[in-house]
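A short write-up of the structure that comes next.
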Amino acid sequence: MRITVTVDGTTYRDEVAPRQLLVHHLREAIGKTGTVVGCDTSNCGACTVHLDGQSVKSCSVLAVQADGAEITTVEGLARDGVLHPLQQAFHDNHALQCGFCTPGMIMQSIDLLADNPDPDEQAVRHGLKGNLCRCTGYQNIVRAVLDAAQRLRPDPAPTGATEATEATATPGELVGGER
Amino acid sequence: MTATIEPEVGRARPRKEDARLVTGRTRWTDNLTVPGLLHLAFLRSPVAHAKITSIDVEAARRAPGVVAVFTGRDIADAQGSLPCAWPVTADQVAPAAPSLAVDQVNFAGEAVAVVVARGKAEAHDALEAIDVDYDELPVVLDLRAAIAEDADVVHPDLGTNRSAHWVFDSAEAGTGGDVEQAIAEAEVLIERTYRQQRLIPAFMEPRSVLVDPTGEQTTVWSATQIPHILRLMLALTTGVPEHKLRVIAPDVGGGFGGKLQVTPEEVVALVVATRLGKPVKWTESRSESLLSAHHGRDQLQRLTLAARRDGTVTGLKVDLLADMGAYLRLVTPGVPILGAFMFNAIYKFPAYRFACTNVFTTKTPTDAYRGAGRPEATFAIERLMDELAAELGRDPIELREQNWIKHDEFPFTTVCGLEYDSGNYEAATARAKELFGYDELRAEQRERRDRGDSVQLGIGTSTFTEMCGLAPSRVLGSLSYGAGGWEHAAIRMLPSGKVEVVTGSSAHGQGHETAWSQIVADQLGVPFEDVEVLHGDTQSSPKGLDTYGSRSLTVGAMAVLKAGEKVIRKARRVAAHMMECAEDDLEFTGGRFTVRGTERSTGITEVALAVFAAHDLPDGVEPSLDSAATFDPDNFSFPHGTHLCAVEVDTETGFVKIRKYVCVDDVGVVVNPVIVEGQVHGGLAQGIAQALYEEAVHDESGTLTTGTFADYLLPSAVDLPHFDTDRTETPSTTNQLGVKGVGEAGTIASTPAVVNAVVDAVRHFGVDDIQMPCTPMRVWTAINGGPTDAGGPGGEAGGGLGSIDSTGGAL
Ligand code: FES
Ligand code: FES
């Protein structure tokens, strides 16, 4: 089947097998290897991307279901060489060790803050419970998300998620994660 | 060039490796591809123990996209036997360990055939076309039953399930008294049997290997902790000459011991790629990983602690059964032995005996998992100390203090003959009690107990030490380990003033690039940003013994420091020549050689440029500052700490909630406090997971029933508490940096702290043990007087609490 998806601001038209998962399409056909696969039961969240502004586990979406969609991956977050506030917060708070879970964590955290711009610690923990990390014990991830919420607060207009969506809409400005 | 002003060592630097990782600019093995790449899929045995009577692969060979199919018999001449580098005793018995089973399978999940196809999906599809006939044999699952007289045997040609029996006895070794005498004379005896359940390392990045045989050297990319060991072992196992192999560990996700292995899949990928002359790749699925990658722990511990009524410990006897699983992998038999010297922990036992029987079963092989041997030992002794305190009606911390090595008694030679160089258990404990609010929580506990509250509070203590910095080569030799414990490093001074550091340590999330840069920046007086750390490729980093056992900083960074010393020595000679003075007149600080008592100076990077030009060097001086060093430690290092855990146990449901977790670790000098804290957090998560959530369960047919993340319960963010961490700092005296290692500390210490707390919460119901993981079912059963021992309730798949809800944890 032929599908059209816009990923991190660039539009791709490809032939895909009906059973192809979105995550494999992103990684293998489009080369977005920043998004990774950690399980086969939709439990780990490593593959989380934004599909039309909502976080989804891209291992539980078929590529054909994404036909016509706008997708943002971790590679499309930074703009003009400037990290997205959540990427920056993950770095500043040592919220990653091996970094394998990090793309999914960051994408899910953006979604979490879009839904709840002022979460407390428990709300962050609940918002991330579908994303597993084996390295960090989560404490610094939680701290990073709370920190990012702070950073995003003074400027109420663009929340993390809308910023990401804007990035998707303006491909010319994409740098950093783009290859 | 700018000299660094503030010292880098000790600074909370955000990591340089993050830039790639937070933007998805990563090089995981599974991301890599080469032209003409073929994909592998493995057919795995669904049964735990059987003769293979026939394998028919003809239909699979004809399946779409399939290039070749191999069985164990097809590659029997090339695959060799998977290596075990640690024959713990001279009379250890072990079966041949083919990567693809040839005529018998010995655990469910063992690979029996491999399909090579143009696409990954096509390779997997073709697996269904392979027809295998199995003639089932009796399974061997229970450790005690496995060593009984009439037991069914896993490997009939060995005639026994006992692989080895390893003993340390302080009376025989001359390092202490006779434990039997101590037991005979004891005023108090605490006798317990504890079970270390089987765990799965469950690293997040699945294993992956890509082999490209088309170059002059065959290149192997692998998600491994041990690129250097892997290169040697692949050469020895398959006969491909070592110099014709290049192993690269690109970005590698956390391994926790799980990637300290020479895997069947790596061997098969090499053999198949070589045979076909084409590049091949294999990446495991999560289910494949949980099923067939090595497991950890799985011991039965029979323990006897002897003491006087006044609380003084007088002897400790340890009798272990350790489950090897079906085969001996790289260091399988040595894992329980690594615990042998740690059961006595921080206490002054006068007599000690450790015996371990390594046992084969028809289960997935076990091997290193974070802590490897030391968590088991620490769990046993810290649980016993709480039991002794309960028996004597003493405060568990005060009882520990009565028996531990005092800070003014270091260096202290233990009953095992190890010399603990430094430590201050009093300081760490005092700080932990203060942060914890120990007295207040004890008061609340009494109050709730008096009130008969349905939610009871329990307080658990763990005052641990561990031996890390593996390891002095001669000690490894005395333990029959197949290699040394040194590490290698090199420093290259580039003409532009930048510095390349080559390290044999192989980082996979630890932050070596940042920490090594900090150390070198201080030592050579160059900016942090000007240091590049190269690792994980046997071509750029040709020599090393890799990363495990909390060894990277204590051994690997020490090698870096030694290489730096050589660079400075070489540069000093040239600097003296440049400034026409004697070498002794030069002072080196902040990256500059200064002629003592003058303003005259030159920077080390200027010397590097002068050496590059080589126009005017002293006679006989080579035009290079580059230096290498191989460092072999004299002793282990001994981090320690005090962990305190408060849990609330709902006595009506058995649900355990961690109310407060405080740990004060002493890991010696700290290079980067942020990285150290992160290591502690991650370690705590895994130790707590053993106490409360995780267990690899096999059913009565030997099938793993916890083979997905829906069943094997890795804790999520909601399952773990906030940790209050702090440090005391007693420098190690066994290495120049004063560092001790931190990778395993949290895991080792936390498990007994949590279980002690759970037992403490319900001890007044007559409970003195609850088997791990302490699931609501097990806790409730214990409170209500039911069985809590091995095989009791809660042993079902998904027995832990976890966060998995009816949606399976999906969004
Ligand atoms: S890979 Fe998608 S949830 Fe695990
Ligand atoms: S940082 Fe390694 S899994 Fe999260």
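Overview of results
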{"quantity": "10 Å Cβ neighbours from other chains, averaged over peptide A:126-132", "calculated": "6"}
{"quantity": "Given charges at beta-carbon only (K, R positive; D, E negative), |dipole| of the range B:573-667 in Debye", "calculated": "480"}
{"quantity": "Of all accessible heavy-atom area on the range A:85-152, the percent that carbon and sulfur account for (1.4 Å)", "calculated": "45"}
{"quantity": "Check: the range B:226-374 dipole with +1 on Lys, Arg Cβ and -1 on Asp, Glu Cβ, in debye", "calculated": "280"}
{"quantity": "Segment B:Glu187-B:Lys543, extension gain: residue separation times 0.36 nm, minus the distance between their alpha carbons", "calculated": "122.7 nm"}
{"quantity": "Mean accessible surface per residue for the range A:2-75, computed with a 1.4 Å probe while every protein chain stays in place, in Å²", "calculated": "35"}
{"quantity": "Most to least packed among A:11-18, A:43-50 [average Cβ atoms within 10 Å]", "calculated": "A:43-50, A:11-18"}
{"quantity": "Per residue value of the accessible surface for the range B:296-394 (all protein chains in place, 1.4 Å probe), Å²", "calculated": "16"}
{"quantity": "Dipole magnitude of chain B about its Cα centre (Cβ charges: Lys, Arg +1; Asp, Glu -1), debye to nearest 20", "calculated": "1240"}
{"quantity": "Mean separation of Cα contacts under 8 Å (6+ apart) over length of the range A:2-75, as relative contact order %", "calculated": "41"}
{"quantity": "Number of partner chain Cβ atoms within 10 Å, mean per residue of B:24-34", "calculated": "6"}
{"quantity": "The range B:153-203 - percent of accessible surface contributed by carbon and sulfur, probe 1.4 Å", "calculated": "43"}
{"quantity": "Euclidean distance between Cα centres, the range B:426-478 to the range B:592-622, Å", "calculated": "54"}
{"quantity": "Relative packing of B:489-502, B:171-184, which averages over residues the other C-beta atoms within 10 Å, highest first", "calculated": "B:489-502, B:171-184"}
{"quantity": "Relative contact order [Cα under 8 Å, 6+ residues apart], the range A:85-152, whole percent", "calculated": "53"}
{"quantity": "Residues in the range B:719-746 occluded by at least 20 Å² - accessible area, probe radius 1.4 Å, against chain by itself", "calculated": "B:Leu720, B:His722, B:Phe723"}
{"quantity": "Cβ neighbours within 10 Å from other chains - mean over B:117-123", "calculated": "1"}
{"quantity": "Protection proxy ranking, peptides A:113-123, B:597-607, average beta carbon neighbours within 10 Å, highest first", "calculated": "B:597-607, A:113-123"}
{"quantity": "Members of A:Lys129/B:Lys433; B:Lys498/B:Lys562; B:Lys543/B:Lys566; A:Lys57/B:Lys259; B:Lys317/B:Lys740; B:Lys51/B:Lys363 lying beyond 21 Å, as alpha-carbon distances in this model show", "calculated": "A:Lys129/B:Lys433; A:Lys57/B:Lys259; B:Lys317/B:Lys740"}
{"quantity": "Positive dipole terminus of the protein assembly as shown, leading residue within B:Met467, B:Thr312, B:Gln402 (C-beta point charges)", "calculated": "B:Met467"}
{"quantity": "Protein accessible surface hidden between B and A, which excludes ligands and nucleic acids, total in Å², probe 1.4 Å", "calculated": "4500"}
{"quantity": "Most positive-pole-ward Cα, B:Ala355, B:Thr274, B:Tyr438, against dipole of chain B from beta carbon charges", "calculated": "B:Thr274"}
{"quantity": "Whole-number percent relative contact order across chain B, with pairs defined as alpha carbons under 8 Å at least 6 apart", "calculated": "15"}
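The values are calculated or read from the model by the stated rules, or taken from the named source; none is laboratory data. What you are looking at is a predicted structure, and each value in this text was computed from that prediction instead of being measured. Please note: Cβ atoms are built from the backbone with ideal geometry, for glycine as well, and neighbour counts cover all protein chains shown. The protein model used for the area step is the full one, side chains on, heavy atoms only, and it has no ligands, DNA or RNA in it. Shrake-Rupley method; radii C 1.70, N 1.55, O 1.52, S 1.80 Å.
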